[in-house]
Ligand code: GDP
């Protein structure tokens, strides 16, 4: 069983009450527990290191007030720092561009890209009254385009008619053209994934970006991703240039450390989270909630 971080730190630090400022040694002992909690939450090791360093700088020398226990104080410093690193509350998809605004979804196969495409389309159409067109650019998996078409029917959003034999770049061009002619406000491009990052995938993403000129490039990533999260986010960001993150499977048992890892390496906002398989299981990102979860 995972013990609450506050209890763990209490056991280490609470006998300090009345001693004044936190010493280097007190903080080092506390940070060992913080590090353990972050690793258990699947935060990438590099990020654990830089995070604990930031906490150390804030905590060493901090005066322990009579009204709070030192353990509580360290937890508050850790929590505040986590919230700050996780980024702002209330990020949304930016549609502030001439119509049709192009959103490009990228990520590995199985991350939840197609499902998230449908969820976002539904949200924009139902809540914001936008006329949306979705297009699957996945020509590698034969069933992918059909999967998106079915999702489109389910959420009552148009999908680009399937034309056999077209390349992803050609489909992207056709989608933008169709959206322009059809008077759509938004066109969402659901790109193909791979089981792992490789050069052909990145080259394909770069080609699609060039022809479609997307206003947002959203990296869809499984929140249960562990140490690979950093590599994944960094590769997509360096090569394609993402504008935001969507983390899926936040309804699972994971503690969401990937959120911190990906945010830390890219500096890009977490815009939405997926919380289930259903089309309405998409929520705003609340850094405080994720911070609580990461701390256990
Ligand atoms: P893609 O290969 O990236 O397009 O992935 P899919 O959209 O096909 O999703 C793969 C599986 O993950 C499907 O069974 C989805 O229903 C499921 N899925 C997607 N998002 C979520 C989520 O937020 N929570 C849960 N529990 N399942 C999800």
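Read-outs throughout are calculated quantities, based only on the coordinates presented, and are distinct from any laboratory measurement. Every value quoted in this text rests on a predicted model; they were computed, and no experiment measured them. Every residue, glycine as well, gets a Cβ built from its backbone with ideal geometry; the counts of neighbours run over all protein chains shown.
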If you take the C-alpha gyration tensor of segment 41-184, multiply each eigenvalue by 5 and take the square root, what semi-axes do you get, largest first, in whole Å?
-> 46, 18, 13
The equivalent-ellipsoid semi-axes of the chain, taken as the square roots of five times the Cα gyration tensor eigenvalues and listed largest first in whole Å, are 43, 17, 15
Dividing the mean separation of Cα pairs under 8 Å (6+ apart) by the residue count of segment 72-217 yields a relative contact order in percent of 37 percent
Just grab the label-to-label distance for residue 289 and residue 80, each label 7 Å out from Cα along the Cβ direction, in nm (one decimal).
-> 2.4 nm
For segment 69-145, just the Cα atoms, rotate onto the principal axes and tell me the three extents in Å, largest first.
-> 58, 30, 20
Tell me the label-point distance for the pair residue 128, residue 67, using the 7 Å Cα-to-Cβ offset, in nm and rounded to one decimal.
-> 4.2 nm
Relative to the longest principal axis of the C-alpha atoms of the chain, give the angle of the C-alpha long axis of helix 144-155, reported between 0 and 90° and rounded to the nearest 10°.
-> 80 degrees
On a 0 to 90 degree scale, rounded to 10, what angle separates helix 113-128 from the longest Cα axis of the chain?
-> 80 degrees
Using a ≥ b ≥ c from the Cα gyration tensor of segment 109-237 (square roots of the eigenvalues), is it rounded, prolate or oblate, where a/c under 1.5 gives rounded and otherwise the larger of a/b and b/c decides, a/b for prolate?
-> prolate
Grab the DSSP H runs of the chain that are 4 residues or longer, score each as -39,500 (n - 2.57), total them, divide by all residues and round the 222 nm result to the nearest 500 deg cm²/dmol.
-> -15500 deg cm²/dmol
Starting from the Cα of residue 45, step 7 Å along the direction of its Cβ; do the same at residue 92; then give the gap between the two resulting points in nm.
-> 4.2 nm
Gaussian network model of the chain, Cα springs within a sub-10 Å range: biggest mean-square fluctuation belongs to which of 161, 200, 269?
-> 200
Taking Cα centroids, how far is segment 235-296 from segment 128-176 in Å?
-> 25 Å
May I ask you to derive the relative contact order of the chain, considering only C-alpha pairs under 8 Å and at least 6 residues apart, and to give it as an integer percent?
-> 25 percent
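When the Cα atoms of segment 182-221 are enclosed in a convex hull and the volume is divided per residue, what value in Å³ results?
On the way: hull volume 3.4 nm³, N = 40.
Convex hull of Cα atoms, per residue: 85 Å³.
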Output ordering of 87-95, 180-188 (per-residue mean of other Cβ within 10 Å, highest first) is 180-188, 87-95
Pick out which of 163, 230, 55 has the largest mean-square fluctuation in a Gaussian network model of the chain, springs linking Cα atoms closer than 10 Å.
-> 163
Quick one: angle between helix 257-266 and the longest Cα principal axis of the chain, in degrees between 0 and 90, rounded to 10, please.
-> 70 degrees
Added length on full extension, which subtracts the Cα-Cα distance from 0.36 nm per residue, residue 153 to residue 228 | 23.6 nm
